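A quick write-up on the structure given underneath.
The values are calculated or read from the model by the stated rules, or taken from the named source; none is laboratory data. Just so it is clear, the model here is predicted, and its values are computed rather than measured. Positions of Cβ are backbone-derived with ideal geometry, glycine not excepted, and every protein chain shown enters the neighbour counts. Ligands, DNA and RNA are excluded from the accessible area calculation, which covers all protein heavy atoms including side chains. Shrake-Rupley method; radii C 1.70, N 1.55, O 1.52, S 1.80 Å.
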Amino acid sequence: MSVSETDESLRERCFQAVGRHFAALGTEAVLALPSRLISDLLPYLTACQLDQVQPVLNRRGISTFPGWFKILQDLSGFTTALKFNTEEKAKQEVMRFLFILVFYGFRNRYITRHGTHLKNRSFLLAAASCIEEVLVLDITNRCLNSLTCDQRALITLLEKNVRRVGCYLADLAGTEAPAVLYTLHRLFDHGAATKLCMNMDSPTVLAWLLHGRGTQYVNPKMTKPNQICCTSETSSASEQVASLHPHTEASDAAEDHRTPSKRPSVEIQKAFWLPPDIFHPPLSAESELPLEKLTVKISDDQTDVRFITSLLSRSPHLTMLHLVGMRPTGSTQRQLLSAISESNRHLRFLDFEDMKLCGCLPEILNLLRACKLEELRLGDCRLLENCVNQEESVQQLVAALKMVPSLCKLSLAQNRL
């Protein structure tokens, strides 16, 4: 082995030793190292150690990006790590990834190697203070229930910082459902979360999220803290919605009373069937939904879109609508477009992808007149398919588009115009 190789090997062992004995050395001793040595040391530090030294190093003009990138590379691979090309982005992704692993008790090689630094409350608090996205899973009651017991400080931080929530709930009648729904209630109604990404087969949960989760839905029969009553499948959808609110302790209940229920921007990533009566209680002022952004992605050609039409009719404040893969036939798509024209006059951004809109030109023209759109995207929507006179149809569409002065962006890709 050459002298240079020996020096490099010794240097690496020294960096590894600093990482292992960081607590014994102390943060001040590590920060006292020359700037060049600190930059070379960063890839050998753990997430907790990087979080400790980052504020001071940033004030000295030193980025901790190499350290976060190395952890991200260990967790997700080099190609994925390249997508997070700034210090802040890389740190958030590392903390988001590790938070899920540590909080739910998952294991991988990184957790096994650095478990002593991660399996403690201080790491979870540090991660919760900087992540903007969290995943809510129904794998165990113990994890989510801890947020209302010994981890109350953790839920407070998550409420403050999380903006986007991913949710997976396999079975509404399962024992884990109450903890999942209560966590969603805290993040959306008490916290700053505004966007929900769903991957579930539970239409009742969607109805509960959209209808309201305030104290008016507390079931008076429940006596246990944080318990949610899940009714049988034979009960009506509206009854199930009305029972899906946790009965909290007195302090939480008082806070619930002060906090108005707000609905998130919803992205549905999995097709499911919604019973028709879920969105059809008697019309009243309370049935109006203050939903502003909605994304629906459907992969099933047989999906009934009546629930979307009904949802749109209850959302007069909607400003952004993105529908993907909805391919109804007959008069259904015309009803969908008519519902938008009649109920969503505040719509500014409309994006349809892979939808069968052939034969819907009159409804499209009416929508353009009714809504003051700023951005319109109709991608692969078969606009002129089966048209008798395609040239005349194109002229009508162009003329209608010219009459929308607010329109700034337009895309009609893959329509074979």
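How about segment 123-229: which helices (runs of 4 or more DSSP H) wholly inside it have at least 1 residues that are closer than 20 Å to residue 294 by Cα and modelled with pLDDT under 60?
Numbers: elements: 141-145, 152-161, 177-185, 203-211.
So the answer is 203-211.
Conditions (1) in contact with a Gly (Cβ under 6 Å, 6 or more places away or on another chain); (2) free of Cβ contacts under 8 Å to residues at least 12 places away in the same chain; (3) of a type in the set (S, T, N, Q), marked per residue:
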{"site": "345", "(1), (2), (3)": "no, no, no"}
{"site": "350", "(1), (2), (3)": "no, no, no"}
{"site": "365", "(1), (2), (3)": "no, no, no"}
{"site": "375", "(1), (2), (3)": "no, no, no"}
{"site": "378", "(1), (2), (3)": "no, no, no"}
{"site": "393", "(1), (2), (3)": "no, no, yes"}
{"site": "405", "(1), (2), (3)": "no, yes, no"}
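For residue 88, are the conditions met, namely being surrounded by fewer than 19 Cβ atoms within 10 Å (Cβ to Cβ), in a helix (DSSP H, G or I) and acidic (Asp, Glu)? Yes.
For segment 87-103, does any single residue satisfy the condition of being β-branched (Val, Ile, Thr) and within 19 Å of the chain's Cα centre (by Cα)? If you could, list the steps in order and put the result at the bottom.
Looking only at segment 87-103, we keep the residues that are β-branched (Val, Ile, Thr), and these are 94, 100, 102.
Narrowing the set further to residues that are within 19 Å of the chain's Cα centre (by Cα) leaves 94, 100.
Yes; the residues of segment 87-103 include at least one that is β-branched (Val, Ile, Thr) and within 19 Å of the chain's Cα centre (by Cα).
Answer yes if at least one residue in segment 373-394 is touching a Lys or Arg at 6+ places or on another chain (Cβ under 6 Å), small (Gly, Ala, Ser) and within 19 Å of residue 320 (Cα to Cα), and no otherwise. Within segment 373-394 (the criterion being touching a Lys or Arg at 6+ places or on another chain (Cβ under 6 Å), small (Gly, Ala, Ser) and within 19 Å of residue 320 (Cα to Cα)), the answer is no, since none of the residues qualifies. What do you reckon, is residue 71 open to solvent by less than 40 Å² (accessible area, probe 1.4 Å) and not in a helix (DSSP H, G or I)? When the stated conditions are applied, residue 71 does not pass them.
Given the structure, is residue 57 hydrophobic (A, V, I, L, M, F, W, C), closer than 19 Å to residue 131 by Cα and in contact (Cβ under 8 Å) with a residue 12 or more places away in the chain? Don't jump to the end; show me each part of the working.
Values: hydrophobic (A, V, I, L, M, F, W, C): yes; closer than 19 Å to residue 131 by Cα: no; in contact (Cβ under 8 Å) with a residue 12 or more places away in the chain: yes.
Against the criterion (hydrophobic (A, V, I, L, M, F, W, C), closer than 19 Å to residue 131 by Cα and in contact (Cβ under 8 Å) with a residue 12 or more places away in the chain), residue 57 does not qualify.
Residue-wise test of (1) in contact with a Phe, Trp or Tyr (Cβ under 6 Å, 6 or more places away or on another chain); (2) closer than 30 Å to residue 182 by Cα; (3) of a type outside the set (Asp, Glu); (4) touching a residue at least 24 places away in the same chain (Cβ under 8 Å).
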| residue | (1), (2), (3), (4) |
| --- | --- |
| 85 | no, no, yes, no |
| 95 | no, yes, yes, yes |
| 99 | no, yes, yes, yes |
| 106 | no, yes, yes, no |
| 113 | no, no, yes, no |
| 117 | no, yes, yes, yes |
| 121 | no, yes, yes, yes |
| 129 | no, yes, yes, yes |
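Residues that are part of a helix (DSSP H, G or I) and farther than 20 Å from residue 415 by Cβ within segment 339-370 comprise 339, 341, 342, 343, 369, 370, listed in sequence order. Step by step: first the residues of segment 388-417, then only those that are surrounded by 14 or more Cβ atoms within 10 Å (Cβ to Cβ) and closer than 14 Å to residue 362 by Cα, then the one that is modelled with the lowest pLDDT. Which residue is that? Residue satisfying both the conditions and the ranking: 390.
Looking at the structure I just gave you, is residue 59 open to solvent by 30 Å² or more (accessible area, probe 1.4 Å), at pLDDT below 90 and of a type in the set (D, E, K, R)? First the steps, then the outcome.
Values: open to solvent by 30 Å² or more (accessible area, probe 1.4 Å): yes; at pLDDT below 90: no; of a type in the set (D, E, K, R): yes.
For residue 59, the condition - open to solvent by 30 Å² or more (accessible area, probe 1.4 Å), at pLDDT below 90 and of a type in the set (D, E, K, R) - is not met.
Collect the residues in segment 106-139 that are open to solvent by less than 70 Å² (accessible area, probe 1.4 Å), under 26 Å from residue 74 (Cβ atoms) and within 22 Å of the chain's Cα centre (by Cα), keeping them in residue-number order.
Of the residues in segment 106-139, the ones open to solvent by less than 70 Å² (accessible area, probe 1.4 Å) are 108, 110-111, 114-115, 117-118, 120, 123-131, 134-138.
Next, from what is left, pick out any that are under 26 Å from residue 74 (Cβ atoms): 108, 110-111, 114-115, 117-118, 120, 123-131, 134-137.
If the condition is that a residue be open to solvent by less than 70 Å² (accessible area, probe 1.4 Å), under 26 Å from residue 74 (Cβ atoms) and within 22 Å of the chain's Cα centre (by Cα), then 124, 125, 126, 127, 128, 129, 130, 131, 134, 135, 136, 137 are the ones that fit.
A Cβ distance below 8 Å, combined with a sequence gap of six or more or placement on separate chains, defines the contacts here; from segment 32-53, residues that are within 12 Å of residue 19 (Cα to Cα) and open to solvent by 10 Å² or more (accessible area, probe 1.4 Å) reach residues that are among the hydroxyl-bearing types (Ser, Thr, Tyr) and not in a loop (DSSP other than H, G, I, E, B) in the pairs 48/122.
Filtered by the rule that a residue be in contact with a helix residue (DSSP H, G or I) (Cβ under 7 Å, 6 or more places away or on another chain) and not acidic (Asp, Glu), segment 87-104 gives 90, 91, 94, 95, 97, 98, 99, 101, 102, 103, 104.
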